[in-house]
Each structure stands twice: as C-alpha cells, then as structure tokens.
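The values are calculated or read from the model by the stated rules, or taken from the named source; none is laboratory data. Note that the coordinates shown come from a computational prediction; the quantities given were computed from them, not determined experimentally. Please note: Cβ atoms are built from the backbone with ideal geometry, for glycine as well, and neighbour counts cover all protein chains shown. For accessibility, only protein heavy atoms count, side chains too; no ligands or nucleic acids. Shrake-Rupley method; radii C 1.70, N 1.55, O 1.52, S 1.80 Å.
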Amino acid sequence: MLAVISKTVDLLAVDLPVWVPPAVFVSVLTVGVGLAVARYRVWRYEVRDDALYLERGVFTRVRTVVPFVRLQHVDSSRGPVERLVGLASTVVYTAGSRGADVTVPGLTPEGADDLRERLKRLAIRAEGEDAV
C-alpha cells in the first residue's frame, strides 16, 4: 500500500529515486512481520481444575481467567492461513456480554481438538450435563 502511495507521489509530484518504493515496501513488511511475531511471542494458556488461564501480549500484558462454570461452548477452527501452515485455534465462548469469547491460537489441529474436548469435559464436570 505504501509502495503504491510512494510510486504515485513519485509520478505526480516528487522525483524519487527508483529504489524508494521497494525500500518503503520492504520496511513496512518488516515492521508488520515483526509486530505479528511480537504479538504472539507471549501467549500462554493453562488448564487448571477450576478455570482456563490465559496470558498474552508484549506491550500490554492481558491475563484472562475463564471459569468452567461460565463456559457455553467450545469450537476448534482453522482459517485459510492456519490451514496453510498446519495450525488451528480453539475458541471458548462464555456466558456474558457481546464478545465474551477467548481464542487460543497456534495449536496443532490435534491439539486444538484435544483442548476442546478437555474443556468440554471440565465444564460438564463443573456444572453438570447441561453445561456444554
């Protein structure tokens, strides 16, 4: 996007050297990849007896506790990029307001399915057969 903008500026107003648009593109791509790696560099989850504990973030640390009694349902999902690299996510939906869901990304497909089944069993045990 920025390469297109810099090329447009080059054609319309300023005579930029030929290397500037590719340099801008590579710089933006490098920063974007670096931020994506940093975002998922700190991502931990732990399944305990009473709840699912999550910790994520580099610049701002977010710690989330999802009690099993609040679980509504659990999904395993694989988007196009995840399928391309052989990964999957587990999405935990909780009782509460809009957007009350938690995603655990970067799992193997088998790991996502195992986590889904484990959380389902723990939620049923926490609240009874109607939990999930």
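For segment 18-126, the convex hull spanned by the alpha carbon atoms encloses 122 Å³ per residue. Restricting the trypsin sites (Lys or Arg not before Pro) of segment 71-116 to loop positions (DSSP other than H, G, I, E, B) with no more than 10 neighbouring Cβ atoms within 10 Å leaves ARG98.
Note on GLU46: accessible area is roughly 90 Å² with a 1.4 Å probe, heavy atoms of protein only. When SER89, SER77, SER27 are compared by accessible area at a 1.4 angstrom probe, the order from most to least is SER27, SER77, SER89. In a DSSP loop and with at most 14 other Cβ atoms within 10 Å, the chymotrypsin sites (Phe, Trp or Tyr not before Pro) in segment 36-92 are PHE59.
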